[in-house]
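Trainee: Below you will find the structure I want to go over with you.
Each value in this text was obtained by applying a stated rule to the coordinates, not by laboratory testing. These numbers were taken from a predicted model, which means no experiment stands behind them. Neighbour counts run over all protein chains shown; Cβ positions are idealised from the backbone, glycine included.
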Amino acid sequence: MRKAFNCISAALFFIFTGLFALGAILFSDESFGTAPIDELPAHTEKYIERNFPLKNNWRSLYSSFITAAGQNQIGDVYISDSGLIEVISKTDENKLTALIDRINSFAAAHSDKSIYSLIVPTASGIYASELPDIITAVDQQKLIDDIYFRLDSSIHTLDAFNPLFSARDDYVYFRTDDRWTEYGAYTVYNKVIRKLGFAPIRLSSYDMEYADRDFYGTLYQKTFYNGVPADNINIFRNKNGSFVTGVSAWSGGQEFTSLSIYYTPALSSDNKLDVFLGGNSYEKYTITTSNTEAPRLLLIKGRYANMFVPFLTPHYSEITLVDPSQLGEKTIEETVDVDSYDQVLILYDVGQMI
Amino acid sequence: MNFTGITFLYFFLPCFFAVYALAKPAMRAYVMLAGSLVVIGWGGLLGLIPLAVCILTAYLCGAGCERLRENKALSALLLWICLLTDAAAVVLFVVLPGKDISLFSAVGAGIYALHSLAYCFDVYRGECQRETNLFRLAGYISFLPSLNGIPLVTPKETLAAMKAPKIDSERLANGILLLLFGIVEKTVVGDRLAAIFDEMQEISGGDLSMLMSWFGAFIFGAGLFCRLKGLSHIAQGFALMCGIDTAPNFSFPYSQISLRDYLSSYNISAYNFVQRYFFRPLAGKDTGHARTLLASSVSIVAVCLSYNISASFLIWGTSAALLITIEMLFDHKISKLPKPVRYIFTHMLTIIGWAVVSQKTAVASMEYVSHMFTGALTLDTAPFLYFLGASAPFVILLVISELRVLRSLTVRLDSKRVSPIAIIKPVLTFALLVLCTVFLMSGALPHGTVVEV
């Protein structure tokens, strides 16, 4: 009897481990590849981790265990009642200073241009009160004020914090991603567009299309926590029709063209938020509109800009977006003719700046 | 290769064990040696050089010591050569190439040097016969289950067991269970407590209140204990699977009522090693109290330094030696104190010890200890409750695992003819394997890393 149970125990162990090991090798989607002899062990371990059967289920179970043990934080992601919040608890002063210096140098070089700066807080800044006292998140309102204070006085600063804070009970940030929603972007647009010299288009002028109701963003992929409902990706379509006449995007010297700012095939990919302008992998985008008499805007973009652009298209004849993080060695001036634009908008989120 | 990794549990262990089980008992020492070479080589081919040096010095010095047993001076010289060569090999090929001398890596890398030294010393003293089979000796020096740094095994018993280890279903099933239990202890409890302590340090910015500093030191000590105990159980379970019995390495240190008992029940193999190879030669046959105390102090410092060679550990070792010396000197008076008082006093001192070694530098250690006595008297409820809540499930698991009554109950139940322990063993094995996989898979990536879906 005892021997039988011992044999079952041992057999269970070896069958389970053996099957999973075989599964990792036989049902792998990727080839093992090659690696130098000294890097072979690390290469093998990474290959196994990537191809281990049911890897996401194991991680999801881990989140369940951790939360069941009473912990609400996995890594830097806090699990709140309303969703997942990436906690920004530190600032990289060197990185921030370097970025501010670059912006000020840019402003000094183009002093004749109207330059605007819009720094958007992340969910960690807006929902700081939902975090336990023990979690010391950066005070983003104070940080944004400090950044604006350090920017050249010729740069017009735009407030994104207060509109988002006022609308914090609405769906302004994704529950499972670290970016704002299209509605969050509209909330800020509605307040800041007057400073850019335009009257806002009312929300009632838009039809809201539920492009996807089953979106799990980057914070979910960090935690695999299943206790938060999936997000919706909403597309705001102007009832008067789209103003966009063409979109061009450049990456690695190649040009990609489209008639819409929404790249709907992305909705069936792993990066569903790429539905907005095809994602963040392009160095430059140019959007032309039917408002040929309207001014031209140069938007120096961060990760949040793609969701903001749809609301700007009715006001400009052309919007060019430049992503400095994709330029490599090139400068903004080498990428676009800054002088040919009427306004320049710098749009970053706090998470990207520090 | 990390013994608490998916590669080890799902790939190395089944493959190794298949070959090991199929080999004839007399050949299993060779398979074990091959396994050790894979594990050491996996971490870096350079690691094979000190191993080769340690094996060769042990083989040659062991042979020399036996042949020159009558000539004490020459055989002692050989012993010193063995000691210096092994130490030089570890320093040259492990320490100098930049590997940190941390708890696990230094002891892990130095384990074959210590095994080599232990073997030569025992042959020198005539307590162990020279091993003529170089490969079996190599198997002992690089004893595969101990390659995660703990525990040290004795040459005589291990070499005898390695001659023809027999695998049976009872040992195999118990070994698997112990190994999985060890992984859970280390990754689920130990690593989580260590992470909580790091979080406490980060949040407080080094400015802890009195309450939090005591609690933090306790959490650090508990985390370290679970990690060491887990690694010991992994080694013990692995050895048991291979048909080799090793002694338990921890014996309820949290229920001891004196510092000496605490030290001797915590990492027993290291304690015994120092006792055998430091204390006895230093104390000699002299029954004088002073020399015994001196030998004891040096041995305690050596035990503490065996965990990590740093100023903090030196302070810890020296203060532990001093306290134990005081305890020995006033033993007759201390033993008259009520047991609860002795218990509280002993564990307060051990918590202070953990506070010392919890910091990376000696200055930081001193600052931390000073917070324990001069820190703010505020009852910082919010952080304290947060960390109390975060660590409570893991501390409860630790307390349960340290209950003597649970151990005796398990033994009693297992001795019955129809043992309930034997019946639930398959379920327990499966549950532990799932739990291990959950934590090993999530530990494979740093928290907060986006995984490609």
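Trainee: May I ask you to work out the translational diffusion coefficient for segment B:171-384 at 25 °C, viscosity 0.890 mPa s, via Stokes-Einstein with Rh from the Kirkwood sum over Cα pairs, reported in whole µm²/s?
Mentor: Answer, rounded: 132 µm²/s.
Trainee: Another question, if that's okay. Which whole number gives the average, over all residues in A:61-70, of C-beta atoms from other chains lying within 10 Å of the residue C-beta?
Mentor: Rounded to a whole number, the mean comes out at 5.
Trainee: For segment B:22-32, take each phi angle, set θ = phi - 60°, evaluate the Karplus expression 6.51 cos²θ - 1.76 cosθ + 1.60, and give the result in whole Hz per residue in order, putting x for glycine and proline.
Mentor: Ordered by residue, 3J(HN,Hα) equals 6, 5, 5, x, 5, 8, 5, 4, 5, 4, 5 Hz.
Trainee: In addition: Projected onto the charge dipole of segment B:171-384 (+1 at Lys/Arg Cβ, -1 at Asp/Glu Cβ, origin at the Cα centre), which of B:P248, B:G317, B:A290 gives the Cα projection farthest towards the positive end?
Mentor: B:A290
Trainee: Would you look at the GNM of chain A, springs on alpha carbons closer than 10 Å, and say which of A:L203, A:L277, A:L118 moves the most?
Mentor: Comparing A:L203, A:L277, A:L118 in the GNM, the peak value goes to A:L203.
Trainee: Turning to a different aspect of this structure: For A:V172, list long-range residues whose amide hydrogen, built 1.01 Å from N in the peptide plane, is under 5 Å from its own amide hydrogen.
Mentor: Here the answer is none, since no amide H 5 or more places off falls under 5 Å of that of A:V172.
Trainee: In whole Hz, with x marking every Gly and Pro, tabulate ³J(HN,Hα) for segment B:401-415 from phi via Karplus 6.51 cos²θ - 1.76 cosθ + 1.60, θ = phi - 60°.
Mentor: Per-residue couplings from phi come out as 5, 9, 7, 4, 4, 5, 4, 5, 5, 4, 4, 5, 5, 6, 7 Hz.
Trainee: Moving on to the next point. Quick check on the exposure proxy: order A:V120, B:V184 from fewest to most C-beta atoms within 10 angstrom.
Mentor: By the 10 Å Cβ count, ascending: B:V184, A:V120.
Trainee: If you don't mind, there's one more thing I want to ask. Is there a quick way to get the dipole size of segment A:2-53? I mean about its Cα centre, with the Cβ of Lys and Arg at +1 and of Asp and Glu at -1; what is the value in debye to the nearest 20?
Mentor: The dipole magnitude comes to about 520 debye.
Trainee: Given the options A:G217, A:G241, A:G184, state which has the largest fluctuation in a GNM of chain A using a 10 Å cut-off (strictly under) for Cα springs.
Mentor: A:G241
Trainee: May I ask you to sort A:W180, A:W58, B:W80 by Cβ crowding, counting other Cβ atoms within 10 Å and putting the fewest first?
Mentor: Least crowded to most crowded, the residues run B:W80, A:W58, A:W180.
Trainee: Quick one: among A:N190, A:N51, A:N72, which has the greatest mean-square fluctuation in a GNM of chain A with alpha-carbon springs under 10 angstrom?
Mentor: A:N51
Trainee: In segment A:233-284, if the dipole is taken from +1 on Lys/Arg beta carbons and -1 on Asp/Glu beta carbons about the Cα centre, which of A:Y263, A:A249, A:N234 is farthest to the positive end?
Mentor: A:N234
Trainee: Could you go through segment B:116-129 in sequence order and give the Karplus-derived ³J(HN,Hα) for each residue, using 6.51 cos²θ - 1.76 cosθ + 1.60 with θ = phi - 60°, rounded to whole Hz, and x for Gly and Pro?
Mentor: 4, 5, 4, 5, 4, 5, 5, 5, 4, 8, x, 8, 8, 7
Trainee: Amide H of A:A211: which non-local residues (sequence gap of 5 or more, or other chain) have their own amide H closer than 5 Å, using H built in the peptide plane?
Mentor: Those lying under 5 Å, H to H, from A:A211 are A:I233, A:N234, A:I235.
Trainee: On a C-alpha basis, how far is the centre of segment A:271-307 from the centre of segment B:116-145 in Å? Whole number, if you could?
Mentor: A separation of 71 Å, based on Cα centres.
Trainee: Among all helices in chain A defined by DSSP H, which have a length of 18 Å or more along the axis from Cα atoms plus a Kyte-Doolittle mean of at least 1.0?
Mentor: Result, helices passing both filters: A:2-26.
Trainee: What share of Cα pairs, in percent, lie more than 15 angstrom apart in segment A:2-53?
Mentor: Working: 769 of 1326 pairs.
Value for segment A:2-53 (Cα pairs over 15 Å): 58 percent.
Trainee: Counting helices only, and only those DSSP H runs with n ≥ 4, report the 222 nm mean residue ellipticity of chain B as the sum of -39,500 (n - 2.57) divided by its residues, in deg cm²/dmol to the nearest 500.
Mentor: About -22500 deg cm²/dmol.
Trainee: Among the aspartates and glutamates, which fall within straight-line cross-link reach of A:K195, defined as a Cα-Cα distance under 16 Å, with same-chain neighbours fewer than 8 residues apart omitted?
Mentor: Cross-link targets: A:D159, A:D342.
Trainee: Now a separate question. Quick one: putting +1 on the C-beta of Lys and Arg, -1 on the C-beta of Asp and Glu, what dipole do you get for the protein assembly as shown around its Cα centre, in Debye to the nearest 20?
Mentor: For this selection, approximately 4400 debye.
Trainee: Fewest Cβ neighbours within 10 Å first, please rank B:F345, B:F12 accordingly.
Mentor: Going from sparsest to densest Cβ surroundings: B:F345, B:F12.
Trainee: Okay, helix-only estimate at 222 nm for chain A: each DSSP H run of n ≥ 4 adds -39500 (n - 2.57), divide by all residues, round to 500 deg cm²/dmol; what do you get? Numbers along the way, then the final one.
Mentor: Values: 12 runs with 122 residues, N = 354.
The per-residue figure over chain A is -10000 deg cm²/dmol.
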